[in-house]
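Each remark here refers to the structure printed beneath this line.
Please treat every number below as a calculation from the coordinates, not as lab data. Everything numeric here is computed off the predicted structure, so don't read it as measured data. Positions of Cβ are generated from backbone atoms using ideal geometry, with glycine treated the same way; all protein chains shown enter the neighbour counts.
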Amino acid sequence: MPNIADLLSRSAAARAERTAVRVDDDALSYGALEEASRRVAGLLREQGVGPGDRVGIMLPNVHYFPVCYYGALRAGAAVVPMNPLLKEREVAFYLGDSEAKLIFAWHQFADAARHGAERAEAECVLVEPGEFEGLLGRVDWTSVVVDREGEDTAVILYTSGTTGTPKGAELTHDNILRNVEVSVGLFGLDERAVTLGALPFFHAFGQTCALNATVSVGGQLTLIPRFDGGKALELIERDRVTVFEGVPTMYAAMLHHERADRTDTSTLEVCVSGGAAMPVEVMRAFEEKFGCQIIEGYGLSETSPVASFNRRDRERKPGSIGLPIDGVEMKLIDEQDGVGEIAIRGHNVMKGYWRRPDATAEAMDSHGWFKTGDVARVDEDGYFFIVDRKKELVIRGGFNIYPREIEEVLYEHPAVREAAVIGVPHAELGEEVGAAVALKTGADASPAELRDFVKQRVAAYKYPRLVWLIDELPKGPTGKIIRREIKPPASPAAG
């Protein structure tokens, strides 16, 4: 019977001495990772956690994450991955909603974890280097990997959405194992792979495409607990990284870092981008500077996450999220003028939202099609191009304006490092187009100059009348720019 924990057990049996996970100078072999996960499974058994129970994991990208993750899965539990930066109220919600019995939490965030667990009546096990090893050393470990059915829930990923409380997307063992298999093929992974684990493992992209995919082939994960462009470049050179996976803001941070011109990145074989639309200009500049190819794909927490990708062995179309992966269908619904909402059906689609039949019924129809909320167009070759989030569409005087299109133009300006376009309430037009822009270090450009730059390149109704400069755009845990958190200043430059 399938269990994601088998990915680790098989690789440990084949190459026990190989380094599985490295964080700076600390390295853990496959044999050591397997033994530690067995002890975690034993600890959970002692705590009364059995097959089907939920276990929270609130850890950064350190080697303790895979130890606890595979240990919980080995015990037959479903994992509830959580951002370590969650506050007490949020911890209580995640644990209470999922009815988790226990949480593994990083020692630096002990207060929020402990108090949140108390409110949810869950056991809190703090993970502190040295002490955690001592705790596991006193446990009777188990070599058994609990059998699970393919349709059994393996992971509950809470998605923030744009309104209301988070919903838990139930991903099954089959969902994730099939997605891992697809990822390995798409990225050309084998036992030689050295993957830079820059994406947080509590997120679907990092968990499936980096952690599980690399472990499945017996490769090495080099982890960054907190992303920094300079640190990423340092590790690529030091550990001879072959695979980099990231969101566009990570690529931009590396591209514009001062050490970009003096880092040896020759070992990079494949760079993978997802989580948000990759600006074409960033892709072009990154490939030119580092001599590698970026393949862009698309997915959501609800799709395990990979749904479509550009292929390494076929035409790659910059700006496109590629073709549906094998065994998955994608189509446009409610189409108007060649643009419609993406719907997805296949082995990657979640079982549903945890104990939210209303939300599940709203997102999925009776034929298994999941409505993504993302708006796209499809070209004559079947390649999908994201136009924008349905909910982030700006409607100015009755005209639909897609922020992505305007952002692409802003990224062409030589001074722009990051940009985000939003709708700003307007008494007569309904919404006005606003742009928040962060400039490259040492660069200079006024809001008026940026506004005019776009005005010369798009239709008159599209250019941002409101432009303002900020030091940093708000980002989510993966580094994805969060448009809904951008607030215009009291009097942005207008014209």
### Message
What does the C-alpha gyration tensor say about the overall shape of region 88-157? Classify as rounded when a/c is under 1.5, otherwise prolate if a/b is larger than b/c, or oblate.
### Response
oblate
#### Entry: Spacing of the two label points (7 Å from each Cα toward its C-beta) at Glu118 and Ala460, in nm
6.4
### Task
Before anything else, pin down the relative contact order of the chain: Cα pairs under 8 Å, at least 6 apart, normalised by residue count, whole percent.
10
### Stretch gain in nm, segment Ser29-Asp381, where the contour uses 0.36 nm per residue and the Cα spacing is subtracted
122.3 nm
### Query
Rg (Å, one decimal) plus Dmax (Å, integer) for the alpha carbons of the chain?
22.6, 70
### Where trypsin sites (Lys or Arg not before Pro) fall in DSSP loop in region 326-355, at most 16 other Cβ within 10 Å
Arg355
### Query
Quick one: if you stick a label point 7 Å off each Cα along the C-beta vector at Ile333 and Arg262, how many nm between them?
5.5
### Query
If you average the sequence gap of Cα pairs under 8 Å that are 6 or more apart and divide by the length of region 393-494, what percent do you get for the contact order?
26
### Query
What FRET efficiency do you get for Lys317 and Glu362 if R0 is 30 Å and r is their Cβ-Cβ distance, rounded to the nearest 0.05?
0.40
#### Entry: trypsin sites (Lys or Arg not before Pro) lying in DSSP loop within region 81-189, provided at most 11 other Cβ fall within 10 Å
Arg138
### Message
Please report the spacing between the Cα centers of region 113-147 and region 311-366 in Å, no decimals.
### Response
37
## Note on the structure
Projecting the Cα atoms of Trp369, Ala445, Gly397 onto the charge dipole of region 341-446, where Lys and Arg contribute +1 and Asp and Glu -1 at Cβ, the residue farthest towards the positive end is Trp369
### Query
Applying 1/(1 + (r/R0)^6) with R0 = 51 Å to the Cβ-Cβ distance of Ala490 and Glu287, what FRET efficiency is obtained, to the nearest 0.05?
0.80
### Out-of-range pairs (alpha-carbon distance over 27 Å; input Lys87/Lys331; Lys167/Lys462; Lys390/Lys475; Lys317/Lys480)
Lys87/Lys331; Lys167/Lys462
### Query
Rounded to the nearest 500, what is the chain's calculated 222 nm mean residue ellipticity when only DSSP H runs of at least 4 contribute -39500 (n - 2.57) each, over all residues?
-8500 deg cm²/dmol
### Message
Need the full-extension length gain, Asp140 to Glu449, defined as separation in residues times 0.36 nm minus the C-alpha distance. One decimal, nm.
### Response
104.6 nm
### Query
How much net charge surrounds Leu8 when only other residues with a Cβ under 13 Å from its Cβ are counted (Lys, Arg +1; Asp, Glu -1)?
+2
### Query
Which FRET efficiency value, to the nearest 0.05, is calculated for Arg15 and Ile395 with the Förster distance at 56 angstrom and r the Cβ-Cβ distance?
0.50
### Message
Can you compute log10 of I(q)/I(0) for region 393-494 with the Debye formula, treating each Cα as one identical point scatterer, at q = 0.15, 0.23 Å⁻¹?
### Response
-0.55, -1.31
